[in-house]
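The values are calculated or read from the model by the stated rules, or taken from the named source; none is laboratory data. Every value quoted in this text rests on a predicted model; they were computed, and no experiment measured them. Glycine also receives a Cβ, built like all others from the backbone with ideal geometry; neighbour counts cover every protein chain displayed. Areas reflect the complete protein model, heavy atoms only, side chains present, ligands, DNA and RNA absent. Shrake-Rupley method; radii C 1.70, N 1.55, O 1.52, S 1.80 Å.
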Amino acid sequence: MEFPEKPKEVEILPENIPLDILYEDKDIVVVNKSAGMITHPTPSFISGTLVNALMYHCKDFQGISGELRPGIVHRLDKDTSGVIVVAKNDKAHQSLSKQFKDRVTEKVYAAIVKGIVKKDYGTIEVPIGRNPVVRTKMAAVDWGKNALTYFKVLRRFKDATLVFAYPKTGRTHQIRIHMKYIGHPLLGDELYGSGKKDEVYGATRQMLHALKLSFYHPTTEEKMTFVAPLPKDFKRVLKILSEIY
């Protein structure tokens, strides 16, 4: 009889970083990620990430592809806050990955964009690919991968709009690219807008928050929905916009 090999340790330093854990069981952990935190270590950022924090706080990771680590099935940009789900074992990782790939999951983002969005509802279906000039950026390009976002206007200010965005695909920087494409870049987005000028409204990062995430539990198959309340900086910008206008 053969026994499975024990998952091998990977070089990820567990760090005691505070986390807002919305839910946790033996298969998954759901976190309300703060703005400024990178999801996964990179050659440039080996510490201070969500994965570093999870390695410290969660003691029951069972291994992903033979490695003792959290299973990242989707990501949030460093300066995007909100709800993210992480797998603790291979079964959960495979199930969640398939749900994201098959677009079974439901995602709702809150965003504050520049200008007045005239339509109450809208659909943006524009392919996204690597920017041909600046390789660190993405762009709306004909040769890119299919990307689809729905949006709904929640409130209009004098020169800004609060919207809900519903991405049906998961391309890098999708909402940021799509809103810029229709002429309404995110407030505070230095990469795709004039972020520096937006600090007058208190926006020191892109005003994008992963508000709601729904998926099916990998073991029970129960549909689960999690909501991450708007963070303080997001609410502060809304308050400033309300008072000024």
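Side notes on the structure shown:
- To put it simply, the accessible area of the chain at a 1.4 Å probe is 52 percent carbon and sulfur.
- The helix-only estimate of mean residue ellipticity at 222 nm for the chain, built from DSSP H runs of length n ≥ 4 each weighted as -39500 (n - 2.57), is -5000 deg cm²/dmol after division by the residue total.
- Full-extension gain in nm, Glu125 to Val141, via 0.36 nm per residue minus C-alpha separation: 4.6 nm
- Amide H contacts under 5 Å for Leu208: Ser81, restricted to partners 5 or more places along the chain or on a different chain, H placed in the peptide plane at 1.01 Å from N.
- Among the DSSP helices (H) of the chain, those spanning at least 15 angstrom by Cα along their long axis with an average Kyte-Doolittle hydropathy of -1.0 or more are 232-244; this is a geometric and hydropathy rule only.
- Mean shadow area of the chain over all directions, Cα convex hull, nm²: 14.8 nm²
- Solvent-free Debye scattering, log10 I(q)/I(0), computed from the Cα coordinates of the stretch 142-183 at q = 0.24 Å⁻¹: -0.87
- Straight-line cross-link partners of Lys114 among the aspartates and glutamates, defined as a Cα under 19 Å from its Cα and at least 8 positions apart when in the same chain: Asp79, Asp159, Asp189, Glu190, Asp198, Glu199, Asp233, Glu243.
- Taken about its Cα centre, the stretch 21-244 carries a charge dipole of about 580 debye when Lys and Arg each add +1 at the Cβ and Asp and Glu each add -1 at the Cβ.
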